[in-house]
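Have a look at the structure below, then the notes.
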Amino acid sequence: MAHQAGAKFSYFTEGLLMPHLDSLLRIGVDVVNGIQPGDGNDMSALKRAMGHRICLWGGINPHEVIERGTQDDVRRAVIEVILAAAPGGGFVLSTSGGIYRTDCYDNVVTYIETAHQFGTYPINTSRLKAELRRSSP
């Protein structure tokens, strides 16, 4: 019905997507919002499987990365998800849920700054890979 009205159809989830890829493609989902990495959600695999038809939205775990991680963890997670899901378009970088802790301001700033530094199109995959190599523990 969304498509009949000229609108896009967004599916929100924080759960496992891999078993549902065929269904999401078949029913005409335009955007999958809230993708939480880990727990079987591999952003590279999702991009290969449906990134040609469905916009992927999310990719950053707010609780593990933003609220509990270091600034280096945040920077690395942002670069990794941009590298995995952004090339070719069809990706919106976002946390997969809300950020509730108030003591992680520096991590939020790092998240935003890293997104601005590396997340503009066209995506420079060589630069992203070099940055990951440089920042690996």
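Of these, LEU24, LEU56, which one is surrounded by 15 or more Cβ atoms within 10 Å (Cβ to Cβ), within 29 Å of VAL108 (Cβ to Cβ) and touching a helix residue (DSSP H, G or I) at 6+ places or on another chain (Cβ under 8 Å)?
LEU56 is the lone residue from the list that is surrounded by 15 or more Cβ atoms within 10 Å (Cβ to Cβ), within 29 Å of VAL108 (Cβ to Cβ) and touching a helix residue (DSSP H, G or I) at 6+ places or on another chain (Cβ under 8 Å).
Which condition number in (1) out of contact with any Pro (no Cβ under 9 Å at 6 or more places or on another chain); (2) under 23 Å from SER126 (Cα atoms) is the one that LEU21 fails?
Looking at each condition in turn, LEU21 falls short on (2).
Looking at region 91-116, which of the residues that are crowded, with 18+ Cβ neighbours inside 10 Å and in a loop (DSSP other than H, G, I, E, B) is modelled with the highest pLDDT?
CYS104
State whether the residues of region 1-16 include one that is part of a helix (DSSP H, G or I) and either modelled with pLDDT under 95 or touching a Pro at 6+ places or on another chain (Cβ under 9 Å) (or both).
Taking every residue of region 1-16 in turn, none turns out to be part of a helix (DSSP H, G or I) and either modelled with pLDDT under 95 or touching a Pro at 6+ places or on another chain (Cβ under 9 Å) (or both).
The values are calculated or read from the model by the stated rules, or taken from the named source; none is laboratory data. From a predicted model like this one, the values you see are computed outputs, not experimental measurements. In this analysis, Cβ positions are derived from the backbone assuming ideal geometry, glycine residues included, and neighbour counts consider all displayed protein chains.
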